[in-house]
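Following: one structure in structure tokens, then a few remarks.
Every read-out reported here was derived from the displayed coordinates using simple, explicitly stated rules and does not represent laboratory data. Computed from a predicted model, the values in this text were never measured in an experiment. Glycine also receives a Cβ, built like all others from the backbone with ideal geometry; neighbour counts cover every protein chain displayed.
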Amino acid sequence: MQATSQAGWLSRGLSSSVGTKYLMAITGMFLFLFVVAHLIGNLALFRGQEALNSYAAMLQGLGPLLWVARLGLLAVLVVHLRCALALTAKNRNARPVGYVSQQPIKSTFASRTMLMSGLVILLFVVYHLLHFTLGVVQADNAKLVDAAGRHDVYSMVVLGFQSVPVALTYVAAMVLLGMHLTHGLQSLFQSLGLTKPKYRGFITLAATSLTLLVVVGNIALPMAVQMGIIKLPGGAS
């Protein structure tokens, strides 16, 4: 019964452009918060093997709760993508429907390619999961263990980013994510009707600044490995 009710709520939300934009904004906010939390955890790479492996072990120790979080995040991602596809279809097949605040934003390359960049980012997420979560890509690295007998996530990540093609793939994906987030964060406030002319400059600055922090933080990881700042334990190469 609950699942039916949730499905009905989602269907009603997607039946109108305004409802779809609300859903897209809310799910986008959750996805952004996850990206920030994910980055904060990954920055433990700079603190060394013990720090990152302890963090990874803590997450694994959550057991079923970790899978609940993963499935919940997947559901949010699916709804976000479904909203994007629904809005694109409506914009193509019907007259444009404005945002809640009815204040247009000048079209940019990022805004015109939101769906395409989102789909490419989705493909990258699949690759990222196959690489560092499921251990399908560079499978031998996923079998490493540290001195404490834990999964050696630190060495797996360093070995992964020592590959120039892998490092460049992550850098390119983060640049694309930056384009997506810059417009997405601004649209989030606009879709929720929270944009006013006197706050627009601040919102643009905040969205750009937050995006820059996320992109630079994520790019710093593969670049630090490539530059030799982050090395394998004992300085091995």
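Can you list residues whose amide H is under 5 Å from Ile230's amide H, if they're 5+ apart or on another chain and H is modeled 1.01 Å from N?
Val225
How much length would be gained if the chain were fully extended between Ala51 and Ala89, taking 0.36 nm per residue of separation minus their Cα-Cα distance, in nm to one decimal?
That pair, Ala51 and Ala89, stretches by 9.1 nm at full extension.
Please list 3J(HN,Hα) in residue order for segment 157-173, calculated via the Karplus relation 6.51 cos²θ - 1.76 cosθ + 1.60 where θ = phi - 60°; whole Hz, with x for glycine and proline.
5, 4, 4, x, 7, 6, 7, 4, x, 5, 4, 5, 4, 5, 5, 4, 5
Along Cα→Cβ, 7 Å out, is where each label goes; now give me the distance between the ones at Gln138 and Arg200 in nm to one decimal.
Here the modelled spin labels are 4.5 nm apart.
Quick one: what are the phi-derived ³J(HN,Hα) couplings along segment 64-79, Karplus 6.51/-1.76/1.60 with θ = phi - 60°, whole Hz, x for glycine and proline?
Each residue of segment 64-79 in turn: x, 4, 5, 6, 4, 5, 5, 5, x, 5, 4, 5, 4, 5, 5, 5 Hz.
In 10 Å bins starting at zero, report the fraction of Cα pairs in segment 121-233 per bin as a rounded %.
Spelled out per bin, shortest first, that is 13, 34, 26, 16, 9, 1.
For segment 30-44, what does the Karplus curve 6.51 cos²θ - 1.76 cosθ + 1.60, with θ = phi - 60°, yield as ³J(HN,Hα) per residue in whole Hz, taken in order and with x for Gly and Pro?
5, 5, 5, 4, 5, 4, 5, 5, 4, 5, 4, x, 5, 5, 4
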